[in-house]
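**Q** Just passing along the structure, written as structure tokens.
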Amino acid sequence: IHSPTLLEKKGRFNAHTDFVPNGVDFRSFSERAPEPEDLVSIPHPRVGYAGNVKKQLDWTLLLRLTAEHPEWSFVFVGAEVPDPGMKAAIEFLSRKANVHFLGAKTAQVLAAYPQYFDVCFMPYRVDDYTRCIYPLKLHEYLASGRPAVGTRLPALEPFTSVVKLAETAEEWSAAIADSLLPETNSVEQRAVRQKVAEQHDWDS
């Protein structure tokens, strides 16, 4: 089971159960790649999400952050998982000048995007489902070396040394702003994040 919370809830039903966290193809996500063409024209600072665009994202939070921070470009890279509950939010956000939905990419192409975000984010809503996830993108983001901000979920709590966690919209704004500071994006800090990701390479 790749979720510590799910292991706690369900692991007792089978004694032959182990916790195996999600990992990362460290080389693909850490080796410098050319900037994707559809990113080039998007202004910095870029707050980016790479993964399926789905109902488990906190759409209320996203509506607020994009409204309160027109100076940031919010970039979503990944296939949209159809759901009527998020359709209106996506349509509204798609009309905003600082929000960019770039669509589905192959796994190989996707690896380049976090390298060109200024901040990577994991804006999940909190519910019984997301409390049991272990985001695949966690170590993908860390492998890129870029600062990351995530929702305060059980699987992310052990990584607070390399990922800023937030709950309220105010905390999200502060965490992203702090992540944009030069000292947060220094060569030394990038190396620290990449070292954590390398420990979670799939080969390990």
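The values are calculated or read from the model by the stated rules, or taken from the named source; none is laboratory data. Since this is a predicted model, take the numbers as computed values, not measurements. Note that each Cβ is placed from the backbone with ideal geometry, even for glycine, and that neighbours are counted across all protein chains shown. Surface accessibility is based on the protein's heavy atoms, side chains included, excluding ligands, DNA and RNA. Shrake-Rupley method; radii C 1.70, N 1.55, O 1.52, S 1.80 Å.
**Q** Taking region 63-89, which residues are open to solvent by 50 Å² or more (accessible area, probe 1.4 Å), among the charged types (D, E, K, R) and over 16 Å from the mean Cα position of the chain (by Cα)?
**A** Filtering region 63-89 for residues open to solvent by 50 Å² or more (accessible area, probe 1.4 Å) gives 63-64, 67-68, 70-71, 80-82, 84-85, 87-88.
Retained after the next criterion (residues that are among the charged types (D, E, K, R)): 64, 68, 71, 80, 87.
The answer is Arg64, Glu68, Glu71, Lys87.
**Q** I'm checking my understanding of the structure. Among residues of region 161-204 that are charged (D, E, K, R) and not in a helix (DSSP H, G or I), which one is surrounded by the fewest Cβ atoms within 10 Å (Cβ to Cβ)?
**A** Ranking the qualifying residues of region 161-204, first place goes to Asp203.
**Q** Any idea how many residues of region 90-104 are open to solvent by 70 Å² or more (accessible area, probe 1.4 Å) and assigned to a helix (DSSP H, G or I)?
**A** Matching residues across region 90-104 total 2.
**Q** If I go through region 90-126 residue by residue, how many of them are hydroxyl-bearing (Ser, Thr, Tyr) and more than 16 Å from the chain's Cα centre (by Cα)?
**A** So the count comes out to 2.
**Q** Within region 108-160, can you find the residues that are part of a loop (DSSP other than H, G, I, E, B), in contact with an Asp or Glu (Cβ under 7 Å, 6 or more places away or on another chain) and either among the acidic types (Asp, Glu) or open to solvent by less than 10 Å² (accessible area, probe 1.4 Å) (or both)?
**A** Once the filter is applied, which keeps residues that are part of a loop (DSSP other than H, G, I, E, B), in contact with an Asp or Glu (Cβ under 7 Å, 6 or more places away or on another chain) and either among the acidic types (Asp, Glu) or open to solvent by less than 10 Å² (accessible area, probe 1.4 Å) (or both), region 108-160 yields only Pro123.
**Q** Yes or no: Glu31 acidic (Asp, Glu) and touching a residue at least 40 places away in the same chain (Cβ under 8 Å)?
**A** no
**Q** Could you please give the count of residues in region 34-66 that are part of a loop (DSSP other than H, G, I, E, B) and either hydroxyl-bearing (Ser, Thr, Tyr) or free of Cβ contacts under 8 Å to residues at least 60 places away in the same chain (or both)?
**A** Result for region 34-66: 8.
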